[in-house]
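Every number here is computed from the coordinates shown, using simple stated rules; none is lab data. Keep in mind it's a predicted model, so treat the numbers as computed, not measured. Every residue, glycine as well, gets a Cβ built from its backbone with ideal geometry; the counts of neighbours run over all protein chains shown.
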Amino acid sequence: MALELYDGQRSWNARKVRLLAAELGIEIQSVRLDFAKGEFRSQEYLAKNPNGKIPTLEEDDFVLWESHAILIYLADQHPERGLHPTDPKQRALVDQWLFWWTAHIEPALNLLLVERRIKPFLKQPANDPSIIARANSELDRFLPILDTQLSTREHVVGPLSIVDFAMAAQLEQAPMIELDISRYDNIGRWLERLQKKPYWKEA
Ligand SMILES: N[C@@H](CCC(=O)N[C@@H](CS)C(=O)NCC(=O)O)C(=O)O
């Protein structure tokens, strides 16, 4: 069976997977779920992913959720590309940045996403100033670390790796959550380099 990805047009987590699959030339069949129609919470989908979130990868009877676990699984199909390196130290550095992103940046991005997009969409009170301030304070603390890292490297760990896909798919959506990243020059240049990839726009 082909690889199937339960995803959604606007999901930045699903986009991480589509971008990496395109880079690796892995064919993935996309199964689009519509949040507004409650398709994330159907019994059928919850049986695959009890979180009711996307993305979920399905390959025969193997089901995998959590976008970063999916990135690792796909990259490990092509060890020769080194996107999740086999050398223990290089791999540990990729994992370091992936965990750092998951622990420090993603929660803050998600707070902005919920306040600025999800709550208005659900017609709930949104744009809570204290939540937005908390998110921005975390981003002000941690994004400069990424900007400095990129000041001397073409990609986050040097060579292209899965962390570039994990981070870029979300940071390129900064305008959507009204996050200003224009002061981070190195992040901006790195995003521009990635966006030149031939598949980037369509993935
Ligand atoms: N940690 C999960 C997060 C997945 C996630 O939050 N996906 C969003 C779409 S980008 C979603 O399904 N949201 C629906 C919900 O939270 O109910 C991952 O990386 O896969």
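Estimated from helices alone, the mean residue ellipticity of the chain at 222 nm is -13500 deg cm²/dmol (sum of -39500 (n - 2.57) over DSSP H runs with n ≥ 4, per residue).
Within the listed set A14, A169, A36, the Gaussian network model of the chain (springs between alpha-carbon atoms below 10 Å) gives the highest mean-square fluctuation for A36. Based on Cα atoms of region 49-203, Rg over Rh with Rh as the Kirkwood radius reads 0.98.
A straight Cα-to-Cα reach below 12 Å connects K119 with the aspartates and glutamates D128, residues fewer than 8 places away in its own chain not being considered. A Förster radius of 25 Å combined with the Cβ-Cβ distance from L122 to D180 puts the calculated FRET efficiency at roughly 0.50. Here K196 is the anchor, and the lysines within straight C-alpha reach of less than 21 Å, apart from those fewer than 8 places off in the same chain, are K16. For region 33-72, a simple Cβ point-charge model (Lys and Arg +1, Asp and Glu -1, everything else neutral) yields a dipole of about 280 debye relative to the Cα centre. DSSP assigns beta bridges within region 1-100; of those with both partners inside it, close to 60 percent run antiparallel. Under the convention that each Lys and Arg Cβ holds +1 and each Asp and Glu Cβ holds -1, the size of the dipole of region 1-153 around its Cα centre is about 720 debye.
Using Cβ point charges alone (K and R +1, D and E -1), the dipole size of region 72-144 about the Cα centre works out to roughly 280 debye. From zero up to wherever the largest Cα-Cα distance of region 111-203 sits, split into 5 Å bins and tell me the percent of pairs in each. Histogram of Cα-Cα distances, whole percents per bin: 2, 12, 21, 22, 16, 13, 8, 4, 1.
Taking N as the residue count of region 1-123, its C-alpha radius of gyration divided by 2.2 N^0.38 Å amounts to 1.13. Is there a pair in K89/K201; K53/K123; K123/K197; K53/K201 whose C-alpha atoms are over 27 Å apart, and which pairs would that be? Those over the limit are K89/K201; K123/K197.
Multiplying the residue separation of A92 and R10 by 0.36 nm and removing their Cα-Cα distance gives an extension gain of 26.5 nm. Extension gain, Q77 to F62: 0.36 nm times the residue separation minus the Cα-Cα distance gives 3.9 nm.
Counted over the chain, the DSSP beta bridges are approximately 60% antiparallel.
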